[in-house]
């Protein structure tokens with residue numbers, strides 16, 4: 001236990017096999033394309049401690065989304081193991097212990113915002129009946145209210161702006177109440193200003209509920225502003241270049257991002273990216 | 001003074017322009033119908049063996065409405081029963097195709113052959129097979145409905161948002177969950193498009209099936225009229241076929257507006 005250093009998010013301690021948080025060991029993934037085999041991930045190790053917000057950061061093609069999909073059980077690794085609180089991804093999914101927040105809002109257009117937020121109540125009811133789930137569902141109206149959607153509970157997604165739809169999608173993930181939330185670039189389709197306000201609202205919500213989060217982005221500022229640790233990945237083949245701990249004080253939703261400490265963290269992330277990646281060839 | 005005058009006039013002008021637009025959209029088809037009616041009347045009076053005047057069609061219907069309504073009912077019943085059967089079979093097969101990949105490869109060529117075989121050619125064969133009952137009429141209607149419904153339903157059930165599917169899969173949703181919660185609602189616009197095609201196809205199928213081997217129904221009324229060169233009866237039956245088809249499509253469109261509210 002003493003070996004588990006505060007900074008070593010990516011270091012797997014073989015003596016510490018406690019099924020806490022997310023543990024990825026030796027994961028490899030190749031895709032067969034017309035031009036031959038493409039190594040998306042090569043021997044990736046990663047740990048995410050419970051209650052931490054960890055971001056996978058890197059240029060497109062570095063395999064960060066693939067890694068997130070493998071953690072979610074949406075893709076299967078060719079080699080290696082993934083443990084989510086002691087369960088394999090498929091088992092954790094069966095127990096409804098994974099909340100997935102996709103890149104597009106992917107709301108159901110025929111359902112109200114409230115009904116969208118409570119989707120997890122209607123899908124895979126077996127997990128709830130058998131009490132195998134570790135999820136603690138949150139009140140949909142409350143979460144939507146915290147995200148500024150209190151006046152839109154009965155609206156349909158088409159009546160909302162892009163930023164509001166994305167927040168509703170985030171609400172759906174939180175309302176499920178799973179111990180692990182996986183977010184695949186949820187803000188990438190938003191314009192810069194909407195994106196910043198959505199980020200602050202996510203921060204506020206997360207600092208309230210403190211779920212374990214793995215977040216994927218290719219924005220440095222977003223990664224630094226949100227995370228406890230930024231995992232920097234480099235492409236061809238996809239691997240982890242290093243981990244930058246972000247020691248900015250919390251709650252961060254109220255503090256000014258324009259501080260020397262913030263830009264110092266941004267600089268460290270960018271430096272690490274440059275050592276593993278020389279740009280698009 | 002001048003500027004105020006302009007600003008006072010502008011909104012009312014815009015309003016009147018919108019009213020004019022509305023009038024045009026209503027008036028344009030009415031005008032076209034009037035022109036077509038005049039052309040029809042002109043041809044009918046100058047060439048009475050070609051088509052009957054419109055007033056003769058109206059008089060024909062008014063002279064024996066019970067007869068015509070009973071023919072409409074006969075055809076409508078065959079068409080509607082065929083429609084329901086054809087739609088249900090198509091939906092079940094589409095749902096199966098979407099879930100079992102090899103089924104699509106097996107079913108699609110058969111469905112295609114059913115589609116390309118002229119329905120006019122099948123109708124007499126079915127009457128030989130099933131005898132002088134309503135069954136061949138229903139079957140022809142159902143066969144006409146099947147293909148457009150199958151194609152639309154399959155496309156609709158497949159058109160789901162892959163990222164929404166990811167959300168379902170991340171919770172280990174059952175196939176039933178995905179079908180009811182995602183596939184079916186996603187496919188509804190496609191199903192209604194198919195249904196609109198299918199209703200007119202069912203009416204056409206039922207009418208064609210009545211061309212031979214029966215004395216009842218709009219189809220039989222049309223063929224009987226040809227034997228006696230009864231133009232008024234023929235065109236009354238034709239007009240009623242068109243009217244019934246339009247009403248059916250209107251009902252489908254109305255249900256669609258009530259169901260697809262997103």
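Computed from the coordinates by the stated procedures, all read-outs in this text should not be read as laboratory data. These figures come from a predicted structure and were not determined experimentally. So basically every Cβ, Gly included, is an ideal-geometry build from the backbone, and we count neighbours across all protein chains shown.
Some observations on this one:
- Order of B:207, B:93 under a 10 Å beta carbon neighbour criterion, fewest first: B:93, B:207
- Computed FRET value (nearest 0.05) for residue B:114 with residue A:191, which takes r as the C-beta separation and R₀ as 41 Å: 0.20
- Among A:255, A:101, A:246, residue whose mean-square fluctuation peaks in a GNM of chain A (springs only between Cα atoms under 10 Å): A:255
- Projecting label points 7 angstrom from Cα along Cα→Cβ for residue B:253 and residue A:261 puts them 6.5 nm apart.
- GNM on chain B, alpha-carbon springs under 10 angstrom: the most fluctuating residue among B:78, B:159, B:241 is B:159.
- The orientation-averaged projection of the convex hull spanning the C-alpha atoms of the protein assembly as shown amounts to 39.9 square nanometres.
- Global form of segment B:48-192, assessed from the alpha-carbon gyration tensor, a/c cut-off 1.5: prolate
- Calculated mean residue ellipticity at 222 nm for chain B: -29000 deg cm²/dmol, from DSSP H runs with n ≥ 4 weighted as -39500 (n - 2.57), summed, divided by the residue count and rounded to 500.
- Sequence-separation-based contact order of chain A, relative, with Cα cut under 8 Å and 6+ spacing, percent: 24
- For segment A:163-190 versus segment B:106-122, the spacing of their alpha-carbon centroids is 47 Å.
- Look at the alpha carbon pairs under 8 Å that are at least 6 residues apart: their mean separation over the length of chain B gives a relative contact order of 23 percent.
- With a cut-off of 11 Å on the backbone N, the residues of segment B:210-224 near the modelled label site 7 Å out from residue B:130 along Cα-Cβ are B:210.
- Put the Cα centre of segment A:135-153 next to the Cα centre of segment A:43-122 and the gap is 21 Å.
- Simple label model, 7 Å out from Cα along Cβ direction - residue A:274 to residue B:24, nm: 6.3
- Three-way shape label, segment A:22-276, alpha-carbon gyration tensor, a/c 1.5: oblate
- Shown is the FRET efficiency for residue B:228 and residue B:31, computed with R0 = 30 Å from the Cβ-Cβ distance and rounded to the nearest 0.05: 0.25.
- For chain A, DSSP calls about 55 percent of its internal beta bridges antiparallel.
- Normalised contact order of segment B:93-247, rounded percent, pairs of Cα under 8 Å and 6 or more residues apart: 24
- Computed from the Cβ-Cβ distance with R0 of 22 Å, the FRET efficiency linking residue A:130 to residue B:174 stands at 0.95.
- Shape of chain B, Cα gyration tensor, a/c cut at 1.5: oblate
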